[in-house]
Amino acid sequence: MKIEPEEIIYLVQEMAQRHDKDQDVGFEASVFVLFEKYKGRDDIADRAYCITTRMHCLTDLMGDERMHGWTLETRDPKCKLTNGAVFHAVALCPLRLENERYHFDADEFFRIALEEVEPEGHA
């Protein structure tokens, strides 16, 4: 199933709003947000599964040293400011399946993020 970057960004923004209101931001909350967004669609369960799987794969990559260049620490140890290109890569990077577990190939993920980042302005 093809997931668009805007779908990932939507979930991230909704979860950030929940966090700011001290509401639950766990897995169940993310599924609830997605079921609300896609209510009435035939592919609601598949789409929610694909998006949450991709977000879980991002969580696995947060420990990669290269992620330090794409994130900034905040006062909340559970939150990091993250460059939008990362969320584009979450949507666009192919999922790999090994030992019955999905993951992103880290090299491929960061290559896609680099391709998606907006270039800096020129003076």
Problem - Residue match in region 61-83 (condition: of a type in the set (Lys, Arg), farther than 22 Å from ASP20 by Cβ and surrounded by 14 or more Cβ atoms within 10 Å (Cβ to Cβ)) - result: no
Practice task
Determine which member of the set LYS37, LYS21 is touching a residue at least 24 places away in the same chain (Cβ under 8 Å) and either closer than 21 Å to VAL86 by Cα or out of contact with any strand residue (DSSP E or B) (no Cβ under 6 Å at 6 or more places or on another chain) (or both).
Solution key: LYS37
Fill in the blank from the handout: Of the residues in region 103-119, those that are closer than 15 Å to ILE8 by Cβ and either of a type in the set (Val, Ile, Thr) or in contact with a Lys or Arg (Cβ under 8 Å, 6 or more places away or on another chain) (or both) number 2
Fill in the blank from the handout: Scanning region 18-45 for residues that are closer than 20 Å to HIS56 by Cβ, more than 17 Å from the chain's Cα centre (by Cα) and of a type in the set (Gly, Ala, Ser) gives ALA45
Exercise for the section: Could you name every one of the strands (runs of 3 or more DSSP E) located completely within region 33-112 that has at least 2 residues being touching a helix residue (DSSP H, G or I) at 6+ places or on another chain (Cβ under 6 Å) and modelled with pLDDT of 95 or more? Expected result: 101-103
Fill in the blank from the handout: Matching residues in region 1-28 (in a helix (DSSP H, G or I) and surrounded by 15 or more Cβ atoms within 10 Å (Cβ to Cβ)) number 11
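The values are calculated or read from the model by the stated rules, or taken from the named source; none is laboratory data. Nothing here was measured: the structure is a model prediction, and the numbers come from that model. Reconstructed Cβ throughout: ideal geometry from the backbone, glycine too, with neighbour counts over all protein chains shown.
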